[in-house]
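Take a look at the structure below.
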Amino acid sequence: MGKKFDVIALGELLIDMTDNGVSGQGNTLFEANPGGAPCNVLAMLNKLGRKVGFIGKVGDDIFGHKLKKVLDEVGIDTGNLIIDKEARTTLAFVQTFEDGDRDFSFYRNPGADMMLKKEEVDVSLLQDTTIFHFGTLSMTHPEVREATKFGIDEAKKAGAIISFDPNLREPLWNSLDDAKEQVLYGLTKCDVLKISDNEIQWLTGEEDYTAGVKKIREENDIPLILVSLGREGSRAYYKKPGGGEEIMVEVMPFLQENTIETTGAGDTFGGCVLNYILDKGLNNLSEDDLRDMLTFANGAASIITTRKGALRVMPGREEVEKLIKSR
């Protein structure tokens with residue numbers, strides 16, 4: 001009998017206050033976009049027809065209630081979204097540079113997403129999902145870190161595939177050593193790792209991505225490692241569980257003339273990868289499988305760079321396929 005959910009994610013749900021030009025008086029205008037990497041991943045999966053749910057916490061405030069409404073609107077199950085009367089919903093102010101890259105300022109001291117407790121995690125969701133997905137923003141502080149580790153262990157116990165995206169945000173950590181410790185913990189638990197080019201270089205000290213993956217694999221048995229390379233595309237490194245030769249596939253990006261920002265592009269990519277794994281499993285992927293997976297994921301990520309925010313505006317399958325055919 002199949003599981004009720006395709007993917008359950010645990011982590012941060014927040015408001016991305018995105019730079020949206022200037023007013024007539026010359027003041028910066030910010031647009032309140034719903035955000036948070038785990039829910040971006042879930043929104044993409046829902047757009048592809050998957051049943052998804054979220055475990056996390058927001059404040060009992062204007063933003064928290066807006067976020068719950070948006071999740072309900074885009075089809076993400078909110079049965080384990082806790083509304084906290086004490087803490088405020090986290091805000092992330094996002095400044096976008098001319099090349100589409102970003103800088104973040106977080107208002108999270110504390111933010112409601114940090115206050116999730118282990119005993120608030122609904123174990124029945126973890127027992128009833130095919131894939132469990134997490135990142136490190138829910139590992140920056142002791143209480144939510146305990147909840148995250150509990151979630152990972154319960155999902156693993158129930159036979160779920162574990163997916164991990166470090167999604168490093170340096171300003172949220174006391175030190176990068178602390179961040180590294182939690183990323184290394186995540187590597188010991190996951191079956192699917194999605195990591196960005198700068199994150200793998202920081203983590204392994206290797207400039208060459210293949211050398212970085214090799215270093216990660218020396219310590220961890222992770223069947224599928226994806227390296228997102230921004231304007232250079234993406235790579236998949238696959239090693240059949242239990243041994244065998246490693247396959248590496250690289251696929252070029254779909255560059256857009258009208259890119260406005262990269263917020264959510266990595267999450268969109270990650271959601272598409274998880275969708276492919278739900279179809280094909282992790283046990284016997286071929287070179288062609290990996291190429292198809294990356295091509296679709298790159299296409300979807302490319303489309304999201306032409307939109308403000310991500311969670312509410314994920315592309316559908318037909319739109320992605322149309323872009324791929326136009327290449």
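Just to verify a result, which residue in the stretch 232-278, among those that are in contact with a strand residue (DSSP E or B) (Cβ under 8 Å, 6 or more places away or on another chain) and of a type in the set (K, R), is farthest from I195 (Cα to Cα)?
K239
Tell me, which residue of the stretch 288-313 that is assigned to a loop (DSSP other than H, G, I, E, B), without any contact (Cβ under 8 Å) to a residue 60 or more places away in the chain and of a type outside the set (A, V, I, L, M, F, W, C) is farthest from L14 (Cα to Cα)? Before the answer, list the steps.
Step one: list which residues in the stretch 288-313 are assigned to a loop (DSSP other than H, G, I, E, B), which gives 305-313.
Retained after the next criterion (residues that are without any contact (Cβ under 8 Å) to a residue 60 or more places away in the chain): 306-307, 313.
Retained after the next criterion (residues that are of a type outside the set (A, V, I, L, M, F, W, C)): 306-307.
Details: T306: 21, R307: 18 Å.
Within the stretch 288-313, the match that is farthest from L14 (Cα to Cα) is T306.
For E143, work out the one condition from (1) buried (at least 16 other Cβ atoms within 10 Å of the Cβ); (2) more than 30 Å from Y276 (Cβ to Cβ) it doesn't fulfil.
Just one mismatch for E143, condition (1).
For the stretch 1-15, which positions are under 16 Å from F104 (Cβ atoms) and either surrounded by fewer than 22 Cβ atoms within 10 Å (Cβ to Cβ) or under 15 Å from the mean Cα position of the chain (by Cα) (or both)? Reasoning before the result, please.
Filtering the stretch 1-15 for residues under 16 Å from F104 (Cβ atoms) gives 11-15.
Those that are under 16 Å from F104 (Cβ atoms) and either surrounded by fewer than 22 Cβ atoms within 10 Å (Cβ to Cβ) or under 15 Å from the mean Cα position of the chain (by Cα) (or both): G11, E12, L13, L14.
For the stretch 43-84, how many residues meet the condition of being among the charged types (D, E, K, R), surrounded by fewer than 19 Cβ atoms within 10 Å (Cβ to Cβ) and assigned to a strand (DSSP E or B)?
0
Residues in the stretch 306-316: is at least one within 28 Å of G2 (Cα to Cα) and more than 17 Å from the chain's Cα centre (by Cα)?
So far as the stretch 306-316 goes, yes, one or more of its residues are within 28 Å of G2 (Cα to Cα) and more than 17 Å from the chain's Cα centre (by Cα).
I'm trying to understand the selection: among the residues of the stretch 177-227, which are surrounded by fewer than 22 Cβ atoms within 10 Å (Cβ to Cβ), in contact with a strand residue (DSSP E or B) (Cβ under 7 Å, 6 or more places away or on another chain), over 23 Å from A155 (Cα atoms) and not hydroxyl-bearing (S, T, Y)?
Within the stretch 177-227, D197 is the sole residue that qualifies.
Could you check how many residues of the stretch 72-85 are without any contact (Cβ under 8 Å) to a residue 60 or more places away in the chain and within 20 Å of H133 (Cβ to Cβ)?
To start, the set of residues in the stretch 72-85 that are without any contact (Cβ under 8 Å) to a residue 60 or more places away in the chain comprises 72, 75-76, 78-80, 82-85.
Those left that are additionally within 20 Å of H133 (Cβ to Cβ): 72, 75-76, 78-80, 82.
Summing the residues that are without any contact (Cβ under 8 Å) to a residue 60 or more places away in the chain and within 20 Å of H133 (Cβ to Cβ) in the stretch 72-85 gives 7.
When both residues are 6+ apart or on different chains and their Cβ atoms are under 9 Å apart, which pairs have a first residue that lies in the stretch 118-135 and is more than 21 Å from L187 (Cα to Cα), and a second that is among the charged types (D, E, K, R) and buried (at least 24 other Cβ atoms within 10 Å of the Cβ)?
E120/K57
Looking at (1) of a type in the set (S, T, N, Q); (2) over 23 Å from D221 (Cα atoms); (3) touching a residue at least 60 places away in the same chain (Cβ under 8 Å); (4) crowded, with 19+ Cβ neighbours inside 10 Å, find the lone condition where S105 falls short.
So S105 meets the others, but not (4).
Each reported figure results from applying straightforward, stated rules to the coordinates on display, with no laboratory input. Since the model is a prediction, treat every value here as computed from it, not as a measurement. All Cβ positions, glycine included, derive from the backbone under ideal geometry; neighbour counts span all protein chains shown.
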